[in-house]
Every structure is written in C-alpha cells, then in structure tokens.
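A short write-up of the structure that comes next.
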Amino acid sequence: MEKMQSNTHTGYLRTIQKHMNPTKEYTHRRFDRHEIFSGDDRTLVLNMIQSADRTTKDYQSEMTNMLFGLFDGYWYDRLMTDLHESGVYKPSDLIELSELLDRVEDSI
C-alpha cells in the first residue's frame, strides 16, 4: 500500500512540476481566457478561490489574487508552486488545474 501511495505521489508531482516555478519572482504571462476556459474550468478556479478564502494563512491573499488573475487572462508563474506549497488543495485539484494550464500554455 505504501509503495502504491508513493507512486501516486510521484505521478502527481510529475504532472504539476512543469507548471512550478521555484523562484520568488511573480512574473506573469497573458492569455485569452474567453478562448480557453470552459464552464467547468471557471468552476474549478472559483472552487479553488473559495478553498483559499477558508484558510487564514499569510499567503492566502496572494493565492487568491493569482487565481482571480486567471479570469483576467493573467497566469502568474508562481501560481502552481504556491498552491502546492500551501497544502490547501488535493492533488486531484492541482492535476486538474495543471491540465487547464497546459491548454493555456498551448495558446500562448
């Protein structure tokens, strides 16, 4: 059982790693949200914002701001790193966001 969890965790990290940025810089890229986002994508981001709002950690406002930025077509390079490091989100949520960011990246 432990080996299976380890493989699952490794697969999760591999999936989201391509969107992680370990630097402390908050650079961003622009994209056309209307072209890329579906209703399910909007729901995912809104649910993630609500999860961030439920935490009282110092980084909550930065995470919320970066998530709201997706609605305005701003993808902050530290978004995935900060979401992962926060411990607020389930791996399945971050994998789903990673798939959305794959589509964003393909459009840029």
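Conditions (1) acidic (Asp, Glu); (2) touching a strand residue (DSSP E or B) at 6+ places or on another chain (Cβ under 8 Å), marked per residue:
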{"residue": "Ala52", "(1), (2)": "no, no"}
{"residue": "Thr55", "(1), (2)": "no, no"}
{"residue": "Asp77", "(1), (2)": "yes, yes"}
{"residue": "Met80", "(1), (2)": "no, no"}
{"residue": "Pro91", "(1), (2)": "no, no"}
{"residue": "Ser98", "(1), (2)": "no, no"}
{"residue": "Ile108", "(1), (2)": "no, yes"}
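Can you tell me which residue is nearest to Asn65 (Cα to Cα) among those in segment 79-93 that are in contact (Cβ under 8 Å) with a residue 40 or more places away in the chain and buried (at least 21 other Cβ atoms within 10 Å of the Cβ)? My answer is Leu79. Every listed requirement among (1) among the polar types (S, T, N, Q); (2) touching a residue at least 60 places away in the same chain (Cβ under 8 Å); (3) buried (at least 17 other Cβ atoms within 10 Å of the Cβ) is met by Ser107 save one, (3).
Of the set (1) among the hydroxyl-bearing types (Ser, Thr, Tyr); (2) surrounded by fewer than 13 Cβ atoms within 10 Å (Cβ to Cβ); (3) modelled with pLDDT under 90, all apply to Ser51 but (2). If you go through segment 43-66 and keep only what is out of contact with any Leu (no Cβ under 6 Å at 6 or more places or on another chain) and closer than 17 Å to Asp102 by Cβ, you end up with just Leu44. The number of residues in segment 55-90 that are within 22 Å of Phe37 (Cβ to Cβ) and either assigned to a helix (DSSP H, G or I) or of a type in the set (A, V, I, L, M) (or both) comes to 17. Restrict the check to segment 12-23 and report whether at least one residue is touching a helix residue (DSSP H, G or I) at 6+ places or on another chain (Cβ under 7 Å), modelled with pLDDT under 90 and farther than 19 Å from Ser92 by Cα. The answer is yes, given that some residue of segment 12-23 is touching a helix residue (DSSP H, G or I) at 6+ places or on another chain (Cβ under 7 Å), modelled with pLDDT under 90 and farther than 19 Å from Ser92 by Cα.
The values are calculated or read from the model by the stated rules, or taken from the named source; none is laboratory data. Small disclaimer: the values here were computed from a predicted structure and weren't measured. Ideal geometry is used to build each Cβ from the backbone, glycine not excepted, and the neighbour counts take in all protein chains shown.
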